[in-house]
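Enquirer: Provided herewith is a single structure, encoded as structure tokens, for subsequent inquiry.
Readers should treat all values here as calculations from the given coordinates under stated rules, not as data from a laboratory. Given the structure is predicted, the values throughout are model-derived calculations rather than measurements. Positions of Cβ are generated from backbone atoms using ideal geometry, with glycine treated the same way; all protein chains shown enter the neighbour counts.
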Amino acid sequence: MTLEGKKIAILLAPRGTEEPEFVEPKNAVEAAGALVTVIGVEAGEVQTVNNDLDPGSSFTIDKTVAEVSASDFDGLVIPGGSVGADTLRANAQIVSFVHDFFVQQKPVGVICHGPWILVEADVVEGRTLTSYPTVSTDIRNAGGTWVDQEVVTDKGLVTSRNPDDLPAFCAKIIEEFAEGRHPAQARSA
């Protein structure tokens, strides 16, 4: 499946993004032909983490969230990491950026603690998704249905639980990004 000509945004928190949940989806969509833009809160270098506590590698932010809009992209990837996801959900510009992908019916892939940002963006109601288990109550409280599966697809929204699920997650986001807009994506926005 090819993503030639597709522009995909991937979020990177100022600190605390889980490295494999950032690197593997980014590499997968690039290998499928997409142009990936790393979106952050501030310009510069950002260090990831491994297992939430161990320092990871540093990566460069391509564009700040203030410099872009959802209309610039065909899809969005939101990696996890408890600190990273919590930091991103506290940023109103990030939350608005994520919400706009749903309004514009564009596919979104979210893993691990990333659904916290979806809860904050108020796009979970009526959706079925998975996440790291500790996020399940937040999903239910936001009106979503939480299931314990390696990958869940709900009309353009792809979710997975943790780094062990990355092979299934990466395959499914490529499929959804290739399909393009999903009109039902806007139902929860």
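Table: residues versus (1) closer than 24 Å to residue 155 by Cα; (2) hydrophobic (A, V, I, L, M, F, W, C).
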site	(1), (2)
40	no, no
47	no, no
50	no, no
63	no, no
68	no, yes
76	yes, yes
83	no, yes
106	yes, no
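Enquirer: Look at the stretch 42-83 and say how many of its residues are surrounded by 14 or more Cβ atoms within 10 Å (Cβ to Cβ), within 24 Å of residue 177 (Cα to Cα) and hydrophobic (A, V, I, L, M, F, W, C).
Expert: Count: 9.
Enquirer: Check off (1) part of a helix (DSSP H, G or I); (2) surrounded by fewer than 23 Cβ atoms within 10 Å (Cβ to Cβ); (3) out of contact with any Ser or Thr (no Cβ under 7 Å at 6 or more places or on another chain) for residue 177 and give me the number that stays unchecked.
Expert: Evaluating residue 177 over (1) part of a helix (DSSP H, G or I); (2) surrounded by fewer than 23 Cβ atoms within 10 Å (Cβ to Cβ); (3) out of contact with any Ser or Thr (no Cβ under 7 Å at 6 or more places or on another chain) leaves (2) as the failure.
Enquirer: How do the pairs read when you match residues in the stretch 84-97 that are surrounded by fewer than 15 Cβ atoms within 10 Å (Cβ to Cβ) with residues anywhere that are assigned to a helix (DSSP H, G or I), using Cβ under 7 Å and keeping only pairs 6 or more apart or on different chains?
Expert: Cβ pairs passing all conditions: 93/65; 93/66.
Enquirer: Moving to a separate point now. Could you say which residue among 90, 32, 66, 85 is under 21 Å from residue 165 (Cβ atoms) and more than 14 Å from the chain's Cα centre (by Cα)?
Expert: 32
Enquirer: Working only within the stretch 98-123, note down all residues that are among the hydrophobic types (A, V, I, L, M, F, W, C), within 15 Å of residue 187 (Cβ to Cβ) and buried (at least 20 other Cβ atoms within 10 Å of the Cβ).
Expert: Result: 101, 102, 108, 118, 121, 123.
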